[in-house]
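First comes the structure, then the notes that go with it.
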Amino acid sequence: MKRKTLLLINPANQLRQGFIVNRITRNQPLSLGIIAALTPSDWKIKILDENFRPFRFYEADLVGITAFTSAAARAYQLAALYRERGIKTVMGGIHASMVPEESLQFVDSVVQGEAEPIWEQVIRDFEQGKLQRLYKSSFAREIRQPKPRRELFHPGYVSASIQTTRGCPMNCSFCSVSAFNGQHYRFRPVEDILDELEEIPQKYVFFIDDNIIGESRESKERARQLFEGIIRRGIKKYWLSQASINFADDEDLLKLAYLSGCRMIFLGIEAETEDQLKEANKNLNLSRGTESYNEVFRKIQRNGIGVIAGLIFGWDSDAPETIAKRARFAVNCGADSFQISVLTPLPGTKLFEKIASENRLLYTNFPADWQRYDYFEPTIQHPSMQTEQLYRLIEKAKRRIFAPLQILKTGVKTLIRTRRYHAALMQAFNYWHYRNIFLKGK
Ligand code: SF4
C-alpha cells in the first residue's frame, strides 16, 4: 500500500522580505519537527519552510500549517491551493490558536493549543475519514515532547532551535505568550533536553524559550540543572536565549550559563521610562528602576555574555521627544545589539482587546491585513501623533541605532566587555541581522 504523505508548511509573510534577507539567522520551525515526530512512522513527511526557500507545490494527502499572525494570510492562501484539489488542511500554531473561528473559514481543521496531546488523534481521525473541525488541548504540567525530526529540516540552518520551557509568569500587555503557552512556567525534563542537545549537529543553538530562567526559585534551580548538565556531559555548543532582567541577579548562575555555552541573551527592556513600562505592565523592570539597566548589562557582559536589548516604540504615552530619547538611550545604554519593534496589538493580547475596543486598529481588513501586524509599522491609531509622523520618527530612531558606525563601535565594546570572541561574533551577526530586518525589511 502506498504510504500517505504529510506536508508541513511554515509560511512566510509576503508583504516584507526583511525576515529572510539573512540566511545565517533563520530559525528552524521546531514545532513542525515535533509534529513530524508525533506522526506514525508509516507516513512520509516533508517540511517546507518558506522562510528558507520559496514555496513549491508538493503532492500530499494531508497538509499541516503553522503560522504567526503576520503569516496567517499566506497560510490561508497556501491552504486554498490544496483545498481546491480536495486535500485536507490542518492549521495550528499561535495565530490559529488565538483566532480559531477565523482560521476555520480557510482550513479544514484547527489544532488549538499544544499539539502533543492531540496530534495522534488528528492523524487517526483523518485516516478514518473523520477529521474534526476543532481539536483543543490544555496545558500539560510537564512538557513531554518527542525529539523533533531534525533530519527533515533543510541542512542549511546555521543554528538549531530547541525548547526547554514554555510559558511565562509575567503578563506583559503586548505579549501573547501567556495566552498561548500559559502563565504557569512549565519545564521539559532536563535529561531529555541534554539527550536532544547531544544529537544536534549545529554548533550554534537557540533556546527558543520565552524566558530561560523564569522568576521563581524552582525555575532558577531548573536552569542551574540544565546548565550543569550541559557542562557535565561535555556538550560544546554556543547558545542564545531570552530572559528577563533578573538573569543578571545570580552571579553563580551567570557563570554556569557562560560555561554551558551562553554567549548572547535577549532581554525585553521595552522602554527606559516608567510611563511606557506601566503601559506594558512590565512590572519586573519597573520594580528594579530603569537606571538599573546599565548595571544589569554590565554584570552579564562581565561573565562573557552579550546582551540584545528589545525596545518598543509607539506607546500611547510616547511623544516625539520620548522616541528620540529612547534612540539616545539605546546607543548609550551599553547593550550589544537591539531588537526594535513598533508596538503591535496581536490577537490574544490585552493590548489587542483594548485597542480594538477603542476602535483604534488602523487596519482591519483581516486576514489580508494581518501581514502588517509584524512590528514594522504602526497598526494602532496613536492618541497624539499622526501615523505618518510616528512612522517617520521610528524610522529615524532605527537609522540612528543601526548606523554602521554604531555597529562597529558596539562590536569593539562587546569584545572588550565580554573578552569573548564568540560573544563578539554573535553580536556582529545579530546586530547586522537586525539592521537588515529593520532597515531593509519594508
Ligand atoms: S514579554 Fe517576555 S516577560 Fe513579558 S510576558 Fe512575554 S515572554 Fe513574559
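Which one of 142, 377, 272 has the biggest mean-square fluctuation once the chain is modelled by GNM with Cα springs under 10 Å? Residue with maximal mean-square fluctuation among 142, 377, 272: 142. For the chain, the cysteines with no partner cysteine C-beta closer than 4.7 Å are 168, 262, 333. Of 161, 178, 137, which is the most mobile in a GNM of the chain whose springs link Cα atoms less than 10 angstrom apart? Fluctuation is largest for 137. Binning the C-alpha pair distances of the stretch 79-136 at 10 Å intervals from 0 yields a P(r) profile of 25, 56, 19 %, listed from the shortest bin outward. For the peptides 349-358, 162-171, residues were scored by their other Cβ atoms within 10 Å and the scores averaged per peptide; the highest-first order is 162-171, 349-358.
Per Stokes-Einstein, at 20 °C and 1.002 mPa s, what whole-number D in µm² s⁻¹ belongs to the stretch 229-302, with the Kirkwood radius over Cα pairs as the hydrodynamic radius?
Values: Rh = 13.4 Å.
Roughly 160 µm²/s, to the nearest whole number.
Using the Cβ-Cβ distance between residue 1 and residue 56 with R0 = 25 Å, the FRET efficiency computed as 1/(1 + (r/R0)^6) comes to roughly 0.40. A crude spin-label estimate for the pair residue 249 and residue 184, with each label 7 Å from Cα along the Cβ direction, gives 2.2 nm.
Computed from the C-beta positions of residue 125 and residue 191, the FRET efficiency with R₀ = 35 Å rounds to 0.60.
For a straight C-alpha distance cut-off of 28 angstrom, the lysines reachable from residue 2 (same-chain residues fewer than eight places away being disregarded) are 44, 46, 88, 130, 147.
Among the DSSP beta bridges whose two residues both lie in the stretch 4-136, what percent are antiparallel, rounded to the nearest 5? In the stretch 4-136, DSSP labels about 0 percent of beta bridges as antiparallel. Of the peptides 219-225, 83-89, 251-257, the order by per-residue mean of other Cβ atoms within 10 Å, starting with the highest, comes out as 219-225, 251-257, 83-89. Pairwise Cα distances in the chain exceed 27 Å in 53 percent of cases.
Taking the inverse of the average 1/r across all pairs of different Cα atoms in the stretch 160-307, what Kirkwood radius in Å do you get? Walk me through the numbers before you get to the answer.
On the way: mean 1/r = 0.0639 Å⁻¹.
With all distinct Cα pairs of the stretch 160-307 included, I get 15.7 Å.
Each Lys and Arg Cβ is given +1 and each Asp and Glu Cβ -1; about its Cα centre, the chain then shows a dipole of about 1460 debye. For the chain, the longest principal axis of the C-alpha atoms and the axis of helix 387-401 are separated by about 70°. For the stretch 361-386, the residues whose backbone nitrogen is under 20 Å from a point 7 Å from the Cα of residue 105, taken along Cα to Cβ, are 361-374.
Comparing 78, 112, 43 along the charge dipole axis of the stretch 4-136, the residue lying farthest to the positive side is 78, per the Cβ-charge model.
Sparse packing (at most 12 other Cβ atoms within 10 Å of the Cβ) combined with a DSSP loop state is found for the following chymotrypsin sites (Phe, Trp or Tyr not before Pro) in the stretch 27-88: 57, 58. Springs join every pair of Cα atoms under 10 Å in this Gaussian network model of the chain, and among 365, 285, 181 the largest mean-square fluctuation is at 365.
Please work out how much length the chain gains when fully extended from residue 142 to residue 331, using 0.36 nm per residue of separation minus the C-alpha to C-alpha distance, in nm with one decimal. Before the final figure, lay out each step's value.
Values: separation 189, 0.36 × 189 = 68.04 nm, distance 4.08 nm.
Working it through step by step, the gained length comes to 64.0 nm.
Using a Debye calculation, one point per C-alpha and no hydration shell, please list log10 I(q)/I(0) for the stretch 1-112 at q = 0.10, 0.14, 0.16 Å⁻¹ in order. Values returned for q = 0.10, 0.14, 0.16 Å⁻¹ are -0.27, -0.53, -0.70. Between 0 and 90 degrees, the angle of helix 421-440 with respect to the longest Cα principal axis of the chain falls at about 70 degrees. Note on the stretch 185-243: Cα-Cα pairs beyond 15 Å make up 49% of the total pair count. Out of every Cα-Cα pair that the stretch 81-177 contains, those further apart than 20 angstrom amount to 53 percent. How far, in degrees from 0 to 90, does helix 293-302 lean away from the longest principal axis of the Cα atoms of the chain, to the nearest 10? So the helix axis and the longest Cα principal axis differ by about 80 degrees. Amide H contacts of residue 43 (H built 1.01 Å from N, in plane; Pro and chain starts excluded): no residue 5 or more places away or on another chain comes under 5 Å.
Each value in this text was obtained by applying a stated rule to the coordinates, not by laboratory testing. Being a predicted model, the structure only gives us computed values, none of them experimental. Backbone-built Cβ (ideal geometry, glycine too); neighbour counts: all protein chains shown.
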